[in-house]
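This report concerns only the one structure given below.
The values are calculated or read from the model by the stated rules, or taken from the named source; none is laboratory data. Please read these numbers as outputs of a predicted model, since none were measured by experiment. Cβ: placed from backbone, ideal geometry, glycine included. Neighbour counts: every protein chain shown. Note: areas computed on protein heavy atoms with side chains; ligands, DNA, RNA excluded. Shrake-Rupley method; radii C 1.70, N 1.55, O 1.52, S 1.80 Å.
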Amino acid sequence: MNLHHMEIFKAVASEKDVPSQNVAVCHMMILEDISKLPAVDSSGISLSSLDESHLALVNQTWKFGKDEVAVRMIRNMIANFPSCCVVDAERKPVSWILTYATCAMGMLYTLPEHRGKGYAKVLISTLAKRLHAQGYPVYCFIEEENLVSYRLFKNQGFTEDPSYREVWSVINNF
Ligand SMILES: CC(C)(COP(=O)(O)OP(=O)(O)OC[C@H]1O[C@@H](n2cnc3c(N)ncnc32)[C@H](O)[C@@H]1OP(=O)(O)O)[C@@H](O)C(=O)NCCC(=O)NCCS
């Protein structure tokens, strides 16, 4: 919805005394032109895909994870949609990115001790090229307050419609 619709939605919910809470308000960022992706240095980085054995790791670290709904969703994403991860010498993922059923890239995460090594940039670039090659749009949702990620995707050539927000809401406690 755009920002105006968000205000209308909030006003109607409050007028009707329906409890509503925004869980996340996100920018939608799109890579309109794949050639805008900067070259990344992936030398010395081992890439792989996620599998079912990594489900718990992704679920524990995802901000909106940890319940049964999230487990089902992540299992479906790992089984049926492209994912990409950086693995260490023991083949354990240390950084990863998945694709939602809507084809948006998401759940990007780097273990704290492996941050700042360029892993997220390599993963975004790799998955973006893969999705583009398969004919999918390349886009993602970034929470408004996540400035590090916002800058990260901007620097990878992603742009946004400033008037649009993706809102994840809980209505009537559902
Ligand atoms: C955001 C996140 C995925 C970045 O992972 P990373 O592997 O450390 O990222 P990279 O090393 O590829 O760095 C990418 C860029 O972000 C910058 N960056 C990374 N962490 C930063 C920080 N804490 N503060 C400022 N800049 C930062 C890097 O300097 C780099 O910038 P450059 O392109 O100018 O060199 C990681 O911090 C993370 O997992 N955060 C928690 C989960 C999250 O917010 N996920 C994103 C949801 S959309």
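Tabulated data for the structure shown
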| read-out | value |
| --- | --- |
| With DNA, RNA and ligands ignored, accessible area of M28 (1.4 Å probe; Å², nearest 10) | 50 Å² |
| Accessible surface ranking that places the most exposed of H27, H5 first, with a 1.4 angstrom probe | H5, H27 |
| Extension gain (nm, one decimal) between N172 and E52, 0.36 nm per residue minus Cα-Cα | 39.9 nm |
| Two-site label geometry, K36 and F64: point separation in nm, points 7 Å out along Cα→Cβ | 2.4 nm |
| Accessible area of L57 in the full protein assembly, 1.4 Å probe (Å², nearest 10) | 40 Å² |
| Accessible area per residue in Å² at 1.4 Å probe, computed on the chain | 56 Å² |
| Heavy atoms of K16: accessible area, 1.4 Å probe, square angstrom to 10 | 140 Å² |
| Surface share of carbon and sulfur [accessible, 1.4 angstrom probe, percent] for the stretch 29-159 | 52 percent |
| Share, in percent, of DSSP beta bridges within the chain that are antiparallel, nearest 5 | 95 percent |
| Sequence-distant residues sharing a close amide H with S169 (under 5 Å, placed H) | V23 |
| Contact order normalised by residue count of the chain, Cα under 8 Å, 6+ apart, percent | 38 percent |
